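The values are calculated or read from the model by the stated rules, or taken from the named source; none is laboratory data. Because the structure is predicted, anything quoted here is derived from the model rather than measured. Glycine gets a Cβ as well: all are built from the backbone with ideal geometry, and neighbour counts include every protein chain shown. We work out accessible area using only protein heavy atoms, side chains counted, and drop any ligands, DNA or RNA first. Shrake-Rupley method; radii C 1.70, N 1.55, O 1.52, S 1.80 Å.
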Amino acid sequence: MLFKQWNDLPEPRHQLDFPEISKNLQSLDVCPVPKVEISQDLDVSQYSRVVITTKIMNPLFPKNLLKLISIGEIKTSLTVKESNPIQATDAHSWNYDENFPNEIDPDSRTATSNEETLYNFSFPIYSFGKTLLFSIEENFINISPIFGNMISRSIVSQLVKTSPDIIIIGTSDRISSMKIMTEDECTLQPPEFVTGFIGSVLTQLITGANKGIKFKCLVVPSEGPNGFEKLSLSDMGSLIDVCSQWFGFDHSKYIEECHRLWRCDSAAIGAQSGLYI
């Protein structure tokens, strides 16, 4: 039976980073959502295992050691249209001293502003052996979480057709120790929860039409915002040990290569990450 802790998990904290979308919060207009395209020649049925993770975990999958092959990509696009008609007025009061510097005088704008902005992002898809690897980049500065949400829906909808072994690897700044979860067991204890792209993937797998799909999820503690997480050396060691066991890697070569790549990415919380005054 599915543990009730899943029901205690809050929804992923998604916020829209684009001012064009969120400018008029009281509007009843339907906001646009990104379109997601997965390479049409990608045949998921050829793979017995699928790994879903984020870019911060790329050191767990050394390209040279695992002989990663790029077999496609996920393309996303979002077109944002702005149409803000400004009604003419005979007189108005505009006190610049009491408003933010980026506010402008309404009279300086044209009667109607029609602009269109296109946002495009793409993420590679890799494979090694019979394993398919989806690694999505998170960046709270440039990439709105709505992209990750729509990507997770597209990926899970593809996996439902073939039901491979699904492994999810991610981080959370709301847990204090490594957590391993499955479709039948949740080791999170409120107020612990998972957000971002990994939180969205879990939501897709445990709710709605996709509920009941088998998966294993590995989440470790982190510090920092999505896309810029830092991991402790002990948590890195735990990640390497579990992944080495799950994927059957040569532990000695694998651990050396993973630590080397993490040092190159500066993703470790260590003695050199302190504050110098």
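Label-to-label distance, Val160 versus Lys214, with points set 7 angstrom from Cα along the beta-carbon direction: 1.9 nm. What the Kirkwood sum gives for the range 214-264 is a hydrodynamic radius of 12.0 Å, with every pair of different alpha carbons counted. Less than 5 angstrom separates the built amide H of Ser232 from those of Ile269, all sequence-distant by 5 or more or on a different chain. Its Cα gyration tensor gives the range 154-277 an equivalent ellipsoid; the semi-axes, largest first and in whole Å, are 28, 18, 13.
A protection proxy built from the mean count of other Cβ atoms within 10 Å ranks the segments 155-166, 174-185, 50-61, most packed first, as 50-61, 155-166, 174-185. In the P(r) worked out for the range 115-160, what percent of Cα pairs fall beyond 14 Å? Summing the P(r) tail past 14 Å for the range 115-160 gives 60 percent. In whole percents, the pair-distance distribution calculated for the range 171-242 from its alpha-carbon pairs, binned every 10 Å from zero, is 18, 52, 27, 3.
Of all lysines in the structure, those lying under 21 Å Cα to Cα from Lys161, and not within fewer than 8 positions of it along the same chain, are Lys35, Lys75, Lys130, Lys211, Lys214, Lys216.
Taking all protein chains in place and a 1.4 Å probe, what share, in percent, of the accessible surface of the range 148-202 do carbon and sulfur account for?
C and S atoms contribute 45 percent here.
Between Cys264 and Asp241, full extension at 0.36 nm per residue minus the direct alpha carbon distance yields a gain of 6.3 nm. All C-alpha to C-alpha distances of the range 120-189, sorted into 10 Å bins beginning at zero, yield P(r) values of 13, 41, 39, 7 percent in whole numbers.
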